[in-house]
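The values are calculated or read from the model by the stated rules, or taken from the named source; none is laboratory data. For clarity, every value in this text was computed on a predicted model and none was experimentally measured. In this analysis, Cβ positions are derived from the backbone assuming ideal geometry, glycine residues included, and neighbour counts consider all displayed protein chains.
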Amino acid sequence: MRNIVDFIKKMFKTNDFIPLHEPRFIGNEKKYLNDCIDSTFVSSVGKYVDTFEKEFAKTVGSKYAIATVNGTAALHISLILADVKKDDEVITQPLTFIATCNAISYIGAKPIFVDVDLDTMGLSPDSLKLFLENNCEIKENTCVNKTTGKIIKACVPMHTFGHSCRILEINNICDKWHIKLVEDAAESLGSYYKNKHTGTFGKVGAFSFNGNKIITSGGGGVIVTDDESLAKRAKHITTTAKISHPYEYAHDEIGYNYRLPNINAALLVAQLEQLERFLVSKKELATKYKDFFSNLDINFIEEPKNSKSNYWLQAILLNDINQRNEFLEFSNKNGVMTRPIWKLMNELEMFKDCQKDDLKNAKYLEERVVNIPSSVRVV
Ligand SMILES: *Cc1c(COP(=O)(O)O)cnc(C)c1O
């Protein structure tokens, strides 16, 4: 244990406390922020929002990008765009950050938990297929859950720590069952599956720019889609559904104040310019961790087959929950921040009654996976 902590300190060239993930502002951040402040356009409109949306769409290879105030808001709107309504059901993975399930709940829909694959830590296409075959039927072009009688409207897989799940296979199953695919790509900017960027496989995808993500605007998010009418609707309902007019206030439905302020977008434009550099640094760190842990016979989690990972959060797989707890205790006490993967969503009070399959793999990973310091290193 001591040797792991020492190695991490050597990697980050410090004896001070090492956080799990801290942002790096080593580009044009201050320049753009100053420019934004000087312009006085710090709020709802401004050139940085427009620039960011254009540049982001280009980066991931989607036609449209709509900036939002955070990733949860992006997910919430994405689910609305996928036509999820109150009392619908949405399939997702139990191993995810709470935001995925919160967004589903904001609509009054209910999550169903289907197991993950061990290698990707993301939704398993085999488990998804089995769940649908055992529990659902297609009626009038909708997927009906025979247990509850409700419609399964959407499926939200998540690319855990930047490792892509088998998204193409999941997309094909969703198509067959008339389920809309909404990707929670909050953690996977810069990650690809079979050379296509994550977040661009389904009708809509959502990303986050929270302070701990690979690039950050303090708080922020974005929705991506190739569908022009969905893009227009996303912009409309994230900006209070105001009908465009030079001075009059009129709104044509209940909208949301989910827009990204221009000042946050200024920070984000500068961050996006550095994405390539951040990706290189993270990959380098992953290679160093991999070599180190293979000598110790500890399983370092690598990018799965057919994918290119952004290695947002680096992770190791320990032998069992006792070894995990020992490692968490020792490292955190000795100045190196480490963190277990999330508690399974179905174990939380709010979601304990939701339908689920056996969740065997999710449970296995929950007891063993630990994140280790992953910040971009400045050399
Ligand atoms: C970060 C994250 C989100 C969105 O979080 P925000 O803090 O609202 O930007 C959603 N899903 C997952 C899996 C995340 O990691």
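Scan the range 34-57 and give yes if some residue there is over 25 Å from ARG377 (Cβ atoms), surrounded by 17 or more Cβ atoms within 10 Å (Cβ to Cβ) and out of contact with any helix residue (DSSP H, G or I) (no Cβ under 9 Å at 6 or more places or on another chain), otherwise no.
The answer is yes; a qualifying residue exists.
Can you give me the number of residues within the range 243-284 that are among the hydroxyl-bearing types (Ser, Thr, Tyr), in contact (Cβ under 8 Å) with a residue 60 or more places away in the chain and not assigned by TED's automatic domain parsing to the domain that holds LEU313?
Final tally of qualifying residues: 2.
Take the residues in the range 60-81 that are assigned to a helix (DSSP H, G or I) and near the ligand (Cβ under 9 Å from one of its atoms); name whichever of them is nearest to LEU272 (Cα to Cα).
Ranking the qualifying residues of the range 60-81, first place goes to GLY71.
Considering only the range 148-155, I want to know if a residue exists there that is on the phi < 0 side of the Ramachandran plot, assigned by TED's automatic domain parsing to the domain that holds ASP87, touching a residue at least 24 places away in the same chain (Cβ under 8 Å) and assigned to a helix (DSSP H, G or I).
No, the range 148-155 contains no residue that is on the phi < 0 side of the Ramachandran plot, assigned by TED's automatic domain parsing to the domain that holds ASP87, touching a residue at least 24 places away in the same chain (Cβ under 8 Å) and assigned to a helix (DSSP H, G or I).
Every residue in the range 156-191 that is under 23 Å from ASN361 (Cβ atoms) and assigned to a strand (DSSP E or B), please.
VAL156, MET158, LEU181, VAL182, GLU183, ASP184
For the structure I just gave you, tell me whether VAL84 is touching a strand residue (DSSP E or B) at 6+ places or on another chain (Cβ under 6 Å), in a loop (DSSP other than H, G, I, E, B) and more than 13 Å from the ligand (Cβ to nearest atom). Before you say what the answer is, go through the steps one by one.
On the way: touching a strand residue (DSSP E or B) at 6+ places or on another chain (Cβ under 6 Å): yes; in a loop (DSSP other than H, G, I, E, B): yes; more than 13 Å from the ligand (Cβ to nearest atom): yes.
Answer is yes for this residue.
Which members of the range 285-307 meet the condition of being in a helix (DSSP H, G or I), closer than 30 Å to ASN70 by Cα and touching a residue at least 40 places away in the same chain (Cβ under 8 Å)?
LEU285
Which residues, taken from the range 21-46, are in contact with a Cys (Cβ under 9 Å, 6 or more places away or on another chain) and of a type in the set (Gly, Ala, Ser)?
GLY46
Can we say ILE215 is assigned to a loop (DSSP other than H, G, I, E, B), within 16 Å of the ligand (Cβ to nearest atom) and modelled with pLDDT of 95 or more?
yes
Test LEU123 against the stated conditions and say whether it is touching a residue at least 40 places away in the same chain (Cβ under 8 Å), within 14 Å of the chain's Cα centre (by Cα) and under 26 Å from GLY221 (Cα atoms).
Criteria met by LEU123.
Determine whether VAL204 is of a type in the set (A, V, I, L, M) and out of contact with any Leu (no Cβ under 8 Å at 6 or more places or on another chain).
For VAL204, the condition - of a type in the set (A, V, I, L, M) and out of contact with any Leu (no Cβ under 8 Å at 6 or more places or on another chain) - is not met.
Among residues belonging to the range 80-100 that are under 25 Å from PRO261 (Cα atoms) and under 14 Å from the mean Cα position of the chain (by Cα), point out the one that is surrounded by the fewest Cβ atoms within 10 Å (Cβ to Cβ).
Filtering first and then ranking leaves ILE98.
Please specify each residue of the range 189-211 satisfying the condition of being surrounded by fewer than 17 Cβ atoms within 10 Å (Cβ to Cβ) and either near the ligand (Cβ under 10 Å from one of its atoms) or of a type outside the set (S, T, N, Q) (or both).
The answer is LYS194, LYS196, GLY211.
How about the range 254-277: which of its residues are surrounded by fewer than 19 Cβ atoms within 10 Å (Cβ to Cβ) and among the basic types (Lys, Arg)?
Selection gives ARG277 alone.
Step by step: first the residues of the range 115-168, then only those that are among the aliphatic types (A, V, I, L, M) and within 16 Å of the ligand (Cβ to nearest atom), then the one that is nearest to ALA286 (Cα to Cα). Which residue is that? It would help to see each step written out before you state the result.
Within the range 115-168, the first condition is being among the aliphatic types (A, V, I, L, M), and the residues that meet it are 116, 118, 121, 123, 128, 130, 132, 138, 144, 151-152, 154, 156, 158, 167-168.
The next check asks that each one be within 16 Å of the ligand (Cβ to nearest atom); those that pass are 116, 121, 123, 154, 156, 158, 167.
On the way: VAL116: 23, MET121: 17, LEU123: 23, ALA154: 34, VAL156: 27, MET158: 21, ILE167: 23 Å.
Restricting to residues being among the aliphatic types (A, V, I, L, M) and within 16 Å of the ligand (Cβ to nearest atom), the top hit is MET121.
Can you find, within the range 113-147, the residue that is surrounded by the most Cβ atoms within 10 Å (Cβ to Cβ) among those that are aliphatic (A, V, I, L, M) and part of a strand (DSSP E or B)?
LEU123
Right, PHE56: among the aromatic types (Phe, Trp, Tyr), more than 25 Å from GLY149 (Cβ to Cβ), within 16 Å of the ligand (Cβ to nearest atom) and assigned to a helix (DSSP H, G or I) or not?
Answer is yes for this residue.
Which of the residues spanning the range 1-33 are over 26 Å from the mean Cα position of the chain (by Cα) and exposed (fewer than 14 other Cβ atoms within 10 Å of the Cβ)?
Listed by number, the residues that qualify are MET1, ARG2, ASN3, ASP6, LYS10, LYS13, THR14, ASN15, ASP16, PHE17, LYS30, LYS31.
If you go through the range 212-253, how many residues are surrounded by fewer than 24 Cβ atoms within 10 Å (Cβ to Cβ) and among the small types (Gly, Ala, Ser)?
7
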